[in-house]
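Comments concern the structure below.
The values are calculated or read from the model by the stated rules, or taken from the named source; none is laboratory data. Keep in mind that this is a model prediction, so the values were computed, not measured. Side chains are part of the model used for accessible areas, which takes the heavy atoms of the whole protein and leaves out ligands, DNA and RNA. Shrake-Rupley method; radii C 1.70, N 1.55, O 1.52, S 1.80 Å.
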Amino acid sequence: MSIQQIDVGIVFRPLETGRTSSGSSMRAIGHGPPSDPGSVKNRAFSHWILIFSTPSGSLQVELDNQYGTIVSQLRAFPHKIRAHNFAQYTGTFEDIRYLSDNHPMNGDTYSKTKNNCQHWVAHFLNSLRSYGDNYPPRNFRVTNYAVYEIILSVWKVTNMFKSRYGNVRTSYTKVFISALRDYAKRFLKFW
């Protein structure tokens, strides 16, 4: 497959919560190609999906929670999918498939607060950028730093949570939301 310019974008899909025999669960509403990229404002409580597009088609790459275990899921579409584009990757769809298949979180246990789709996307982009930097003529170039920084900010929130609250098991959701609010007050003046 020849090297080409690939637009890199993200879609925020709403979450649906429910109860299962093993406790509460969260999953993205709907399957298939997203028709709407979703709101950046609602990103914290959305399922994050990466979209790689060329004029001839798109590749949707995301974390899938298979009974508590993280696996990568790819879907190809013969048309361009609308997304919040934030970068361009010079490379091939095979590169993206390779990185997805070898994602460091594959096989890990899923966690709503510290090992979820947001972390998966941030890790994937870090790998893609490194791959582009180390295998010329491949290249990763950020075109919209505002969206890119939002995506990578998940690590800042997670690290702040760990340093401030440790591995607290009780009231985990309340503590995480408190840490998220603290982060927003300090670093995101618009919240």
Rolling a 1.4 angstrom probe over the protein chains, ignoring ligands and nucleic acids, what is the accessible area of PHE45 in square angstrom, nearest 10?
130
Using the Karplus curve 6.51 cos²θ - 1.76 cosθ + 1.60 with θ = phi - 60°, what ³J(HN,Hα) values do you get for each residue of segment 57-66, in whole Hz, with x for Gly and Pro?
x, 9, 10, 9, 10, 7, 7, 10, 8, 9
Can you run phi through the Karplus equation (6.51, -1.76, 1.60; θ = phi - 60°) for segment 118-130 and list ³J(HN,Hα) in whole Hz, with x for Gly and Pro?
5, 5, 4, 5, 4, 4, 4, 5, 4, 5, 5, 5, 4
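Going from most exposed to least, what order do THR90, THR109, THR143, THR54 have by accessible area with a 1.4 Å probe? Spell out each step's value before the answer.
Working: THR90 30, THR109 105, THR143 75, THR54 5 Å².
From most exposed to least exposed: THR109, THR143, THR90, THR54.
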Accessible area of SER127 in the full protein assembly, 1.4 Å probe (Å², nearest 10):
40
